[in-house]
Each structure stands twice: as structure tokens, then as C-alpha cells.
């Protein structure tokens, strides 16, 4: 394994040493700074290189990818070729791969009985034989979230222990089977919760997911995982983390994870697809939805100490006043009777370029000072209007928008 050079308080692995490769199970995986890339590995090489280029720019060093026995059965040769190619592209960029063999979220109970295992073994053998000697392979994830399926969650209290026992037996069997094919590389299971990780204690590495909604609950999850890892003297990592709709923001989740010195995989690399409204780091064009997520990946977190935080003052050098003066002048045009007038003459032409210029002046002050919501940044709306021909712009909407920006700036700066 390449030695890691760590900077930024031990959180950022330099690109020259970003590779997270291992030739045997390790005692510590805290160096993992990974990202889930569920089905992206099936894309064309050009798209993969673009996406993983973003991961490299973020100094991420591993991806976790979802495989499928059904997809393998539909095109075995093409499946293996694409998978091997992905692992090699990733490795060339210093990024390791954790393939997931089975997905508990779509668990088919018909695959759980022992008589069905030989059919699954053919798929597993093909994948393991194809990748076990690849230097880009980090470890095998036997199953993603085995406890998060309809088969488990919708079981009655009387039936649930039986179903859990079936799932445990399946996991134990395929852990043993994978290790018989590949005695070198580590095995793990991406459990839904820390409380599940003892379902298969024979894996080499414990891993769990954490999407809990408050700092106290997240903290308890790590303590529980660490206690089990200590009990079995095995390493542990968090293989899924951060979700906007589960009150598990990247900033909070990564801060706590790093405080526990634990490796992690955020969900997910690209903004696109079914989960894009609550997950994702990068748009296909290389922009991001929230720079605070990128900051958290690099180990920088928001100051929440009201005793030390210093509030921004956008009018310290008089720019708020200048922006408001410019806005008032721009808004004065286009009123009936001419500039600033209240007569009954025809309305003067509205100079939307001037209004948008003044609105941007105000918006930049507000955004830089964190005084407006960034769900839809004011500057994004300004950019959208500017992309339209002046004669097609909604002049009244622009005027109202600019007026509201000015009032917001006045209010925050106590200039009313």
C-alpha cells in the first residue's frame, strides 16, 4: 500500500499519495475518503473518466459500486469487461474500488434458501476471478444493507427472526465462498445500521451506514460500531453517509466521522438520477450545488459557536449603500411619465440590463454575507434573465425581484 501524506489536520490525502490500494486486510481503513458511484461504472469510458476526474479533484480515493447478478446473466462477457475496465480506469487515477455483490434493498427472498446458492455462486465466481488480482480492488462488499428490504421490514414480529436467520446464513455462506476464491482481499458488508454489524462477524472489516438526524444519534451510532469492532478486534468504516432529506447534512456527518478517525464513503458522486434531489456532489458540467459540502470533504466545517463567530458586515466600506443607490436609480426608469415621474404620459423604456446589474450588486453582497437562502441563489435567477433577449424578459418580475433584494439588503444592514 502506498504511504499517505496527510495535510489539513490529517484529513486531506495528497493527490500524489491518494491511492487506497491494499494487498491484504488491513487493521485500519481510516485513510479511506470515498464516494458511492452506484451505476456510473456501467457508463462509457469517457464519462467515467470525467466523473472520476471530479473525484480526483476532490482528493477522494475510493468508490463503492453496485453490481447485479441479473445484469451479469443478461450479458456475462460484456458485464465482466465493463467492470474490469472500470476498476482499471479508477486505479490509473489513484482510486480504489469496493464492488458490492448483492443489494439488500432489492432482496429477492427466493435467492436466500441454500438450494438457490449454486446459481448465485456462478455469478460471484465470475466477478471474483475477474477482479481478485486487480491492484485497484480494495475489498469485497458482500451485500448492501441486508436489513433494509421489504422481506425484512414488512415481516411480522413472529416471522422476523426466521427471516433474519435466512439472511445471516446467506451472508455467512457467501463470505466463506468469496474467501475461498480470493483468500487475499478483505470482505465486508455495508450494513444499514451500526446495530446490524454482528450479523456476520466473520467478515474482515465491519462497515455500517449512518443517516441519523441529530448529532447525539450519530455519535451513539459511532460508539456502537466502535464497541463491536473492539470486541472482535477488527477495523470498521462508514460506507454510506450524508443525506439532505434525512437531516444528515454532509457538514455534520463528515465532521463527526472524522472526529472518530473513521474512513467513509459519502453518497454519491454525481448529481443526476433518482436520488439527485437529496444526494450528490458534482453536476456533469463540474459545478457543485453546495460549496459547504466540498469544504466538509476537505475537513473544513462551519463555525457554530455563537461566542466566537463574527457576523458579516456588507456595508463596512459603504458598498451596501452604493448598491442600493444604484438599484434605486435603475428602478426609477420605466415608470409612467418618465424617470421618477408620476404623470400620465407613456411609460419610458425599461432598462432591464441596468436593473439586473444593480440587482447583482445587491445579490453578491447578500450571498457573500450568507443573508439569503441559497436553494435558488439570486445570482442564478439574474443569470437566467440575462440569457434571454431583452425584449423577451419579464420586466415586471425583474423589477419586483430587484426591489425585494434591495429591501433584504436594507433590512440586514439596518438601513431602513
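The fewest-to-most ranking of 184, 350, 87 by surrounding Cβ atoms within 10 Å reads 184, 350, 87. On full extension, the segment bounded by residue 164 and residue 108 gains 18.8 nm, given 0.36 nm per residue less the C-alpha separation. Compute log10 of I(q)/I(0) for the chain with the Debye formula, placing one identical point scatterer on every Cα and leaving out solvent, at q = 0.10, 0.11, 0.13 Å⁻¹, to two decimals. At q = 0.10, 0.11, 0.13 Å⁻¹ the computed log10 ratios are -0.76, -0.86, -1.07. Rounding to the nearest 10 and keeping the result within 0 to 90°, find how far the Cα-based axis of helix 319-332 lies from the longest principal axis of the chain. With rounding to tens, the tilt is 60 degrees. A helix-only calculation puts the chain at -13000 deg cm²/dmol for mean residue ellipticity at 222 nm, using -39500 (n - 2.57) for each DSSP H run of at least four residues, averaged over all residues. Working from label points 7 Å from Cα in the Cα-to-Cβ sense, the residue 202 to residue 156 distance is 3.2 nm.
The angle between the Cα long axis of helix 250-259 and the main principal axis of the chain comes to about 50°, on a 0 to 90 degree scale. Choose one answer from 373, 249, 38: the residue with the largest mean-square fluctuation in a GNM of the chain with alpha-carbon springs under 10 Å. Of 373, 249, 38, the Gaussian network model singles out 373 as fluctuating most.
Mind pulling the angle between the C-alpha long axis of helix 215-232 and the longest principal axis of the chain? Nearest 10 degrees, somewhere in 0 to 90. Once rounded, the angle reads 20 degrees. For the chain, modelled as a GNM whose springs connect Cα atoms under 10 angstrom apart, the maximal fluctuation among 123, 361, 250 occurs at 361. With each label modelled as a point 7 angstrom along the Cα→C-beta vector, the residue 371-residue 77 pair spans 6.6 nm.
Within a 10 angstrom radius of the beta carbon, how do 111, 333, 63 rank from fewest other beta carbons to most?
Values: 111 13, 333 18, 63 29.
Fewest-to-most Cβ neighbours within 10 Å comes out as 111, 333, 63.
Modelled this way, with points 7 Å down the Cα-to-C-beta line, the labels at residue 116 and residue 309 are 5.0 nm from one another. Computed over the chain with a Gaussian network model linking Cα atoms closer than 10 Å, the most mobile of 328, 246, 50 is 328.
Full extension of the chain between residue 230 and residue 380 yields a length gain of 49.1 nm, computed as 0.36 nm times the residue separation minus the alpha carbon distance.
Every number here is computed from the coordinates shown, using simple stated rules; none is lab data. All of these numbers come straight from a predicted model, not from anything done at the bench. Here Cβ is always computed from backbone atoms with ideal geometry, including for glycine, and neighbour counts include all displayed protein chains.
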